Amino acid sequence: MPPDATPFPPSPLFPPAPPLAHGLLDVGDGHRLYFERCGNPDGLPVLFLHGGPGSGCNARQRQLFDPARFHVVLFDQRGCGRSTPRGACHANTTRELVEDIERLRRHLGIERWLVFGGSWGAALAVAYCSAYPQACLGAILRGSFLTGQADLDWFFGPEGAGAICAEAWAALCAAVPQAAEGRALAALCAALGGTDARVAAQAAQAWAAWEDAVIAPARPAPPPPARDAEALAALIDKYRVQAQYLAHRCFVDEDGVLEAAQRMAGLPTALLHGRLDLVCRARNALRLHAALTGSRLLLVDKAGHSPFEPAMARALIGALAHFAEHGDFDTWAAG
């Protein structure tokens with residue numbers, strides 16, 4: 001850390017804890033979903049939806065939830081993480097994911113749950129809540145990705161994030177020359193969808209490095225991590241799924257997300273978005289807030305896209321605690 005840098009305050013995350021139980025749920029089409037239950041089995045049910053698309057869940061995400069207060073369900077979406085077959089793109093669209101969530105709720109015997117999603121998980125949360133409002137207590141949406149061309153042009157464009165993260169953009173262009181011509185996403189999708197494993201590996205690593213740089217633009221670029229064959233295969237699978245979704249605007253598009261949000265009117269919803277978010281701009285939260293009548297919006301100072309930055313983690317934990325106490329966000333301290 002440079003001598004004049006200000007260190008982050010202590011992390012507000014809860015201590016790490018193992019899941020109560022985990023399993024695989026057969027959802028048809030050859031897909032089986034990994035899921036886990038965490039926290040207090042008698043607590044307020046919460047569904048956690050990971051981002052990506054393609055990323056999967058991890059143990060740190062459990063630390064956002066008070067284990068004494070919440071019964072949290074996390075799962076890896078089709079083709080992601082520990083779900084099988086990993087990297088599979090067949091029968092893998094937003095419509096299938098929404099139905100998977102409802103199958104999982106019925107499988108676990110949960111009557112209603114609070115839906116918590118970030119980034120792509122926020123868009124998926126909107127799709128699910130609008131399709132099954134009777135199964136939802138409310139929603140907390142962080143760093144919302146709206147899935148449309150505007151988001152893609154920003155993230156993969158030389159005039160968007162590329163103009164701000166200039167060094168990382170130059171590195172992406174060196175690895176994917178088409179990026180300089182405004183065709184980064186098309187080139188990455190072609191590489192990951194092809195049969196050349198070496199080309200797919202190069203594309204996946206370039207995408208991961210670019211994503212890391214945009215998530216944390218103030219942090220010096222670390223050296224490329226050493227990945228063994230299994231880690232590299234997992235990375236390729238992650239971005240293969242993400243490529244399919246982004247190439248199809250996540251099978252919903254921005255207009256679809258906003259129309260679905262309109263159907264959520266009356267469902268208690270908190271929107272949180274980092275003011276410094278370069279992955280999904282704060283405009284997304286403003287547009288979603290305007291579409292979702294009755295929602296509450298908080299733009300979080302000193303926060304970007306990561307849920308684990310102290311300011312954002314505190315805001316998320318505060319929103320969760322407020323809902324657990326009040327059952328809504330009517331008096332939540334939003335802007």
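The values are calculated or read from the model by the stated rules, or taken from the named source; none is laboratory data. The structure displayed is predicted, hence computed values, not measured ones. In this analysis, Cβ positions are derived from the backbone assuming ideal geometry, glycine residues included, and neighbour counts consider all displayed protein chains. For the accessible areas, the whole protein counts, side chains as well, though only heavy atoms, and no ligand, DNA or RNA atoms are used. Shrake-Rupley method; radii C 1.70, N 1.55, O 1.52, S 1.80 Å.
Tabulated data
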item: Cα long-axis angle, helix 166-175 against the chain (0 to 90 degrees, to the nearest 10); result: 60
item: Convex hull volume of the stretch 202-253 per residue (C-alpha atoms, cubic angstrom); result: 78
item: Area of W332 that stays accessible when all protein chains are in place (1.4 Å probe, Å², to 10); result: 20
item: Where N is the number of residues in the chain, Cα Rg divided by 2.2 N^0.38 Å; result: 0.95
item: Carbon and sulfur %, accessible surface of the chain computed with the full protein complex present, 1.4 Å; result: 55
item: Accessible area expressed per residue, the chain, with surrounding protein chains retained (probe 1.4 Å, Å²); result: 43
item: Under-5 Å amide H pairs with C136, H placed in peptide plane, nonlocal only; result: W113
item: D196-R106 pseudo-label distance in nm [points 7 Å out on the Cα-to-Cβ vector]; result: 4.6
item: 15 Å beta-carbon shell around A233, net charge (K/R +1, D/E -1); result: +2
item: Net +/- balance of residues flanking I317 in space, Cβ distance below 15 Å, scoring K and R +1, D and E -1; result: +2
item: Dipole moment magnitude, nearest 20 debye, the chain about Cα centre, only Lys, Arg, Asp, Glu C-beta charged; result: 320
item: Cα-centred dipole magnitude for the stretch 186-234, charges only on beta-carbon of K, R (+1) and D, E (-1), debye, nearest 20; result: 100
item: F65 long-range amide H proximity, modeled H, under 5 Å; result: F14
item: Cα centroid of the stretch 289-335 to Cα centroid of the stretch 150-196, whole Å; result: 32
item: Value of relative contact order over the chain, rounded to a whole percent, pairs C-alpha under 8 Å and six or more apart; result: 18
item: Cα-centre dipole for the stretch 254-315 with unit charges at Cβ (Lys and Arg positive, Asp and Glu negative), debye to 20; result: 180
item: Cα long-axis angle, helix 197-215 against the chain (0 to 90 degrees, to the nearest 10); result: 60
item: Degrees, to the nearest 10: 94-108 long Cα axis against longest axis of the chain; result: 40
item: Percent breakdown of C-alpha pair distances by 5 Å bin, ordered from the shortest bin, for the stretch 164-306; result: 2, 9, 15, 16, 18, 15, 12, 8, 4, 1
